[in-house]
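Colleague: I'd like to ask you about the structure that follows.
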Amino acid sequence: MDLESCLIPEIWIHIAEKSGIDDLRLTTRQVADYDELMKRRLAILDAHNLRMPAIVSMLQDMKPYDGAREFVDWVRDRTELVLLSDTFIQFGKPIMRALGNPTLFCHRLRIDSDGRITGYALRTADSKAGMIRGLRANGFRVMAAGDSHNDLSMLKNADLAYWFHAPESIASEFPQFESIKDYQGLKDALSKFLES
């Protein structure tokens, strides 16, 4: 499952709101090319001299969506849950505590000794699809859920997949994946998947 917009708000939008830098509001919903999006974000951070310690401080009050923790616990009582996210471990790890510390696979920021974010390191190219293929190659059946363009390859490689909290513009562009709007709907879908 994806993390941002599925279990927690978009981290970069939260940073934009806390910092007052509206240009940081762009996500993979608006810019499908992740490298292009990240280069933009890093340039904006540099232009505003926004460093990692300030960003960490801005994320302190970030909370999961209502019902997200209960959903995570419900899934983990029944099967394995792996969160595949295009966020960064420095952002995501502290938030994982509020979700009961589920497994999170994400990227890593490069930060210099002054706290300046100088770049980022992807796990691998198209890591979400690679993880799904790896799980399936090891005998796991995989159900996936995500909300944006960067989740598409994950959804395409899963045994069963859904849009979750996806905007209508994205869900209608790829109608082969049913769109689910709430945690109960996702629980129902997962229950059927586990029974099959």
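Colleague: When you scan segment 111-121, do you find a residue that is of a type in the set (Lys, Arg) and within 18 Å of the chain's Cα centre (by Cα), even just one?
Modeller: Checked against the condition, which is being of a type in the set (Lys, Arg) and within 18 Å of the chain's Cα centre (by Cα), segment 111-121 yields no hits at all.
Colleague: What residue, of Asp86, Asp126, is under 20 Å from Thr28 (Cα atoms), buried (at least 18 other Cβ atoms within 10 Å of the Cβ), touching a helix residue (DSSP H, G or I) at 6+ places or on another chain (Cβ under 8 Å) and charged (D, E, K, R)?
Modeller: Asp86
Colleague: Follow-up. Identify, from the list Met62, Met38, the residue that is of a type in the set (A, V, I, L, M), in contact with a His (Cβ under 6 Å, 6 or more places away or on another chain) and buried (at least 16 other Cβ atoms within 10 Å of the Cβ).
Modeller: Going through Met62, Met38 in turn, just one is of a type in the set (A, V, I, L, M), in contact with a His (Cβ under 6 Å, 6 or more places away or on another chain) and buried (at least 16 other Cβ atoms within 10 Å of the Cβ): Met62.
Colleague: Right, next: Could you check Trp163 against (1) surrounded by 16 or more Cβ atoms within 10 Å (Cβ to Cβ); (2) more than 25 Å from Gly67 (Cβ to Cβ); (3) not aliphatic (A, V, I, L, M) and say which number it fails?
Modeller: The failed condition is (2).
Colleague: Another question, then. Has segment 169-181 got at least one residue that is among the hydrophobic types (A, V, I, L, M, F, W, C), at pLDDT below 95 and either surrounded by 21 or more Cβ atoms within 10 Å (Cβ to Cβ) or in contact with a His (Cβ under 8 Å, 6 or more places away or on another chain) (or both)?
Modeller: Looking through segment 169-181, at least one residue is among the hydrophobic types (A, V, I, L, M, F, W, C), at pLDDT below 95 and either surrounded by 21 or more Cβ atoms within 10 Å (Cβ to Cβ) or in contact with a His (Cβ under 8 Å, 6 or more places away or on another chain) (or both).
Colleague: Let me spell it out: the conditions are (1) within 20 Å of Phe105 (Cα to Cα); (2) in contact with a Gly (Cβ under 8 Å, 6 or more places away or on another chain), and Pro53 meets all of them except one. Which number is the exception?
Modeller: Unmet for Pro53, out of (1) within 20 Å of Phe105 (Cα to Cα); (2) in contact with a Gly (Cβ under 8 Å, 6 or more places away or on another chain): (1).
Colleague: Let me ask another. Out of Arg141, Arg97, Arg108, report the one residue that is under 14 Å from the mean Cα position of the chain (by Cα), of a type in the set (D, E, K, R) and exposed (fewer than 15 other Cβ atoms within 10 Å of the Cβ).
Modeller: Arg108
Colleague: Under 6 Å between Cβ atoms, which residue pairs at least 6 apart in sequence (or on different chains) link something in segment 49-77 that is over 15 Å from Ile95 (Cα atoms) with a partner that is among the charged types (D, E, K, R) and surrounded by 13 or more Cβ atoms within 10 Å (Cβ to Cβ)?
Modeller: Listed by first residue and then by second, the contacts come to Arg51/Arg116.
Colleague: Taking the conditions exactly as written (loosely packed, with under 13 Cβ neighbours inside 10 Å and at positive phi), does Gly67 satisfy them or not?
Modeller: No, not satisfied.
Colleague: Moving on to the next point. When you check Gln30 against the structure, is it part of a loop (DSSP other than H, G, I, E, B), under 16 Å from the mean Cα position of the chain (by Cα) and under 29 Å from Arg133 (Cβ atoms), yes or no?
Modeller: It is true that Gln30 is part of a loop (DSSP other than H, G, I, E, B), under 16 Å from the mean Cα position of the chain (by Cα) and under 29 Å from Arg133 (Cβ atoms).
Colleague: Here is a follow-up. Just for segment 82-104: of the residues that are in a strand (DSSP E or B) and free of Cβ contacts under 8 Å to residues at least 60 places away in the same chain, which one is farthest from Leu7 (Cα to Cα)?
Modeller: Among those that are in a strand (DSSP E or B) and free of Cβ contacts under 8 Å to residues at least 60 places away in the same chain, it is Phe88.
Colleague: Now a separate question. Does Leu155 fit the bill of being buried (at least 21 other Cβ atoms within 10 Å of the Cβ), modelled with pLDDT of 95 or more, more than 18 Å from Gln30 (Cα to Cα) and in contact with a Phe, Trp or Tyr (Cβ under 8 Å, 6 or more places away or on another chain)?
Modeller: Spelling it out, Leu155 is indeed buried (at least 21 other Cβ atoms within 10 Å of the Cβ), modelled with pLDDT of 95 or more, more than 18 Å from Gln30 (Cα to Cα) and in contact with a Phe, Trp or Tyr (Cβ under 8 Å, 6 or more places away or on another chain).
The values are calculated or read from the model by the stated rules, or taken from the named source; none is laboratory data. Note that the structure is predicted; figures quoted are calculated from it, not measured. Positions of Cβ are generated from backbone atoms using ideal geometry, with glycine treated the same way; all protein chains shown enter the neighbour counts.
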